[in-house]
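Undergrad: After the structure tokens below, expect a handful of questions from me.
The values are calculated or read from the model by the stated rules, or taken from the named source; none is laboratory data. Note that the coordinates shown come from a computational prediction; the quantities given were computed from them, not determined experimentally. Neighbour counts run over all protein chains shown; Cβ positions are idealised from the backbone, glycine included.
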Amino acid sequence: MTMTTKKYLQSPSQTVGPFFHYGLVFGGENTLVNEQTKGQRILLTGRVYDGDSEVVPDALLEIWQADAEGIFNHPNDPNQAEVDTHFRGFGRADTVNKGVYTFKTIKPGSQGGVPYINVRVFSRGILIHAVTRVYFSDEENTKDAVFAGIPEARQATLIGQLEQNQDLPTYRFDIHMQGSKETVFFDL
């Protein structure tokens, strides 16, 4: 009887993704509102692009935002007890539709500042998710200290552009992971 020795190879490291639609997005996670939610309904939509300006068809985006009064559903928000309980504040969407993601949400309020939406991007080829913000083209964003601290030439990469359509006001926010149009990402 001959004994064979098995050779074990180390597994390569894994990047974030690709994401499988059936495992992380079940349907409805991109709708943060219901009939009772207070505030102006909006659509937030766009595409995710790689460094060669090619659409990323398997990215996953998560958003977290304040309600219409600017209150986050988080214990660190001193006004959490007053949060709109009919607003989810957190959503998830994928880009399986030709790189397009869409969120049905509200335009967030602000507590004396400028409204914004926090975004996390999970995508193939990156080891840790990327974090950015969406500001709105119809707001005075330079009043926000974070936005104002970004070089003026790069600020446009954080602005969702208002597009009127027949359904809801729509803010287009394309995300470029790398390249000359790279979105500003935050190191948290």
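Undergrad: Would you pick out the residues in the stretch 147-175 that are under 20 Å from residue 113 (Cβ atoms) and modelled with pLDDT under 95?
TA: If the condition is that a residue be under 20 Å from residue 113 (Cβ atoms) and modelled with pLDDT under 95, then no residue fits.
Undergrad: Residue by residue through the stretch 69-97, note down the ones that are touching a Pro at 6+ places or on another chain (Cβ under 7 Å) and under 18 Å from residue 43 (Cβ atoms).
TA: Keep residues of the stretch 69-97 that are touching a Pro at 6+ places or on another chain (Cβ under 7 Å), which gives 70, 95-96.
Across the stretch 69-97, the qualifying residues are 95, 96.
Undergrad: Would a scan of the stretch 72-90 turn up a residue that is part of a strand (DSSP E or B), in contact with a strand residue (DSSP E or B) (Cβ under 9 Å, 6 or more places away or on another chain) and surrounded by 16 or more Cβ atoms within 10 Å (Cβ to Cβ)?
TA: Our first condition is that a residue be part of a strand (DSSP E or B); within the stretch 72-90, this holds for 90.
When the remaining residues are screened for being in contact with a strand residue (DSSP E or B) (Cβ under 9 Å, 6 or more places away or on another chain), the result is 90.
When the remaining residues are screened for being surrounded by 16 or more Cβ atoms within 10 Å (Cβ to Cβ), the result is none.
No, the stretch 72-90 contains no residue that is part of a strand (DSSP E or B), in contact with a strand residue (DSSP E or B) (Cβ under 9 Å, 6 or more places away or on another chain) and surrounded by 16 or more Cβ atoms within 10 Å (Cβ to Cβ).
Undergrad: Hey, among 134, 184, which residue is outside any loop (DSSP other than H, G, I, E, B), modelled with pLDDT of 95 or more, touching a Leu at 6+ places or on another chain (Cβ under 7 Å) and aliphatic (A, V, I, L, M)?
TA: On the way: 184 fails: outside any loop (DSSP other than H, G, I, E, B).
Exactly one residue qualifies, and that residue is 134.
Undergrad: Of all residues in the stretch 55-94, how many are polar (S, T, N, Q) and within 17 Å of residue 170 (Cβ to Cβ)? Before the answer, list the steps.
TA: Within the stretch 55-94, the first condition is being polar (S, T, N, Q), and the residues that meet it are 65, 73, 76, 79-80, 85.
Then drop every residue that is not within 17 Å of residue 170 (Cβ to Cβ), which leaves 65.
Residues that pass the stated criteria total 1.
Undergrad: Let me ask you something else. For the stretch 127-183, name all the residues that are among the acidic types (Asp, Glu), touching a residue at least 24 places away in the same chain (Cβ under 8 Å) and surrounded by fewer than 12 Cβ atoms within 10 Å (Cβ to Cβ). Steps first, answer last, please.
TA: Residues of the stretch 127-183 among the acidic types (Asp, Glu): 138-140, 144, 152, 163, 167, 174, 182.
From the residues that got through so far, the ones that are touching a residue at least 24 places away in the same chain (Cβ under 8 Å) too are 138-140, 144, 167, 174, 182.
Listed by number, the residues that qualify are 140, 167.
Undergrad: Within the stretch 112-122, can one find any residue that is touching a helix residue (DSSP H, G or I) at 6+ places or on another chain (Cβ under 6 Å) and not β-branched (Val, Ile, Thr)?
TA: Restricting attention to the stretch 112-122, the residues satisfying the condition of being touching a helix residue (DSSP H, G or I) at 6+ places or on another chain (Cβ under 6 Å) are 114.
Keeping just the survivors that are not β-branched (Val, Ile, Thr) gives none.
No: the stretch 112-122 contains no residue that is touching a helix residue (DSSP H, G or I) at 6+ places or on another chain (Cβ under 6 Å) and not β-branched (Val, Ile, Thr).
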